[in-house]
Amino acid sequence: MPDFRFGFNVFDVPSRAEFVERCRRAEGLGYDIALAADHLGAPAPFPTMMAAADATERLRVGTLVLNAPFWNPHLLAREIVTADRLTGGRVEIGLGAGHMKWEFDEAGIPWQPFGARVDRLAETVEELGRIFATSGYEQRRATAEMFGLTDLVPEQRTGFGGSGPPLLIGGTGDTVLRLAAEHADIVGIAGVYQAKGQPPGTFLLGTAEQADDRVRFVREHAGDRAGEIEWNLLVQFVVVTDDRRAVAEENVRRLPHLTADEILETPYLLIGTEEQMAEQLRERRERYGFSYITVHGPFMDVFGPVIERLG
């Protein structure tokens, strides 16, 4: 049974001092990694990662997840390698296909069908691996030799086919999960699904049965790699309560596509006392394989005592 590890998503940066204190508090609570998303209006991922690493002693830093269509692979490789070297090999890279159409529109980036966005993600993974495996650009060789410059290559050689940092790919659809099964060190089974027939970005919370199906799908397609994959669970809400049933019934109004029983069973919500939450996570590790647990930043403190119970 794999050991647990824990991450939190950074939602905002109120000030440098507050951010540094938050990261140090997270490290003290037992978190293993601070994660930055890739959304307009949210903090830029790589400066956020660097600040979190600089503020702490052991906290790893990563992305959950980078929106591949936003990035040129060569410019992205430069960001990843620089961060990996400056953090001493504490970087993990999560990649996704993008799902918020309004962000593409605001940034002036063409919005393409999902299949085309996954193709772009696959091309990005392949190109990053190729770049990481080289010792730099031949066009820069003369300058590097003249000044005795160190090649800009990753500190870590575990992901991307053994050429770069650990790679997480997250999603719910067959196409992106096939890609994850083939390439990812860490697979994130996303907890929200695009509502069919609704505008892009209209999401429904996933059920326990959907999580079962998606984990099974990846394992089938991973073949011999299945036993090497680390499974990431992104918890959407953490609610501390002595009455799980009452909270579930109250949230049926906000999640009308789910029954109270489904709300209590879905792996993407944690509801109960701290001990009950710890037991839920043990059960979810046994059922799905989820051992890498991430909570959204607003729940970082309230989830802390659960980490202690699972230590």
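The values are calculated or read from the model by the stated rules, or taken from the named source; none is laboratory data. Quick caveat: nothing in here was measured; it's all calculated off a predicted structure. Here Cβ is always computed from backbone atoms with ideal geometry, including for glycine, and neighbour counts include all displayed protein chains.
Annotations for the structure displayed:
- Residues satisfying the stated conditions in the stretch 266-297, i.e. of a type in the set (G, A, S) and in contact with a Lys or Arg (Cβ under 6 Å, 6 or more places away or on another chain): G272, A278, S291
- Identity of the residue in the stretch 178-204, touching a Gly at 6+ places or on another chain (Cβ under 6 Å) and modelled with pLDDT of 95 or more, that ends up farthest from Q112 (Cα to Cα): D185
Results for (1) crowded, with 23+ Cβ neighbours inside 10 Å; (2) touching a residue at least 40 places away in the same chain (Cβ under 8 Å); (3) charged (D, E, K, R), shown as yes or no for each residue.
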site: P267; (1), (2), (3): yes, yes, no
site: L270; (1), (2), (3): yes, no, no
site: E274; (1), (2), (3): no, no, yes
site: A278; (1), (2), (3): no, no, no
site: R285; (1), (2), (3): no, yes, yes
site: F290; (1), (2), (3): yes, yes, no
site: I293; (1), (2), (3): yes, yes, no
site: H296; (1), (2), (3): no, yes, no
site: D301; (1), (2), (3): no, yes, yes
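- Residues satisfying the stated conditions in the stretch 242-265, i.e. in contact (Cβ under 8 Å) with a residue 12 or more places away in the chain and among the basic types (K, R): R244, R245
- Filter result for L95 (surrounded by 19 or more Cβ atoms within 10 Å (Cβ to Cβ), within 23 Å of L179 (Cα to Cα), free of Cβ contacts under 8 Å to residues at least 40 places away in the same chain and in contact with a strand residue (DSSP E or B) (Cβ under 9 Å, 6 or more places away or on another chain)): no
- Pairs with Cβ under 7 Å, 6+ apart, first in the stretch 101-113 and surrounded by 11 or more Cβ atoms within 10 Å (Cβ to Cβ), second among the charged types (D, E, K, R): W111/K101; W111/D105
- Scanning the stretch 84-110 for residues that are at negative phi, of a type in the set (G, A, S) and more than 17 Å from the chain's Cα centre (by Cα) gives a single hit, A107.
- M1 falls short on exactly one of the conditions (1) at pLDDT 95 or above; (2) surrounded by fewer than 24 Cβ atoms within 10 Å (Cβ to Cβ), and that condition is (1).
- Residue within the stretch 247-262 that is part of a helix (DSSP H, G or I), farther than 26 Å from V65 by Cα and among the basic types (K, R) present: no
- Leading residue by the ranking (nearest to V91 (Cα to Cα)) among those in the stretch 13-30 that are out of contact with any helix residue (DSSP H, G or I) (no Cβ under 7 Å at 6 or more places or on another chain) and either surrounded by 15 or more Cβ atoms within 10 Å (Cβ to Cβ) or in contact (Cβ under 8 Å) with a residue 60 or more places away in the chain (or both): E27
- When V10, V65 are screened for being touching a residue at least 40 places away in the same chain (Cβ under 8 Å) and in contact with a Ser or Thr (Cβ under 6 Å, 6 or more places away or on another chain), only V10 passes.
- Any pair with Cβ under 6 angstrom, 6 or more apart, that starts in the stretch 70-88 at a residue that is free of Cβ contacts under 8 Å to residues at least 40 places away in the same chain and ends at one that is of a type in the set (F, W, Y) and assigned to a helix (DSSP H, G or I): E79/F46; A83/F46
- Scanning the stretch 209-219 for residues that are crowded, with 16+ Cβ neighbours inside 10 Å and touching a residue at least 60 places away in the same chain (Cβ under 8 Å) yields A211, V215.
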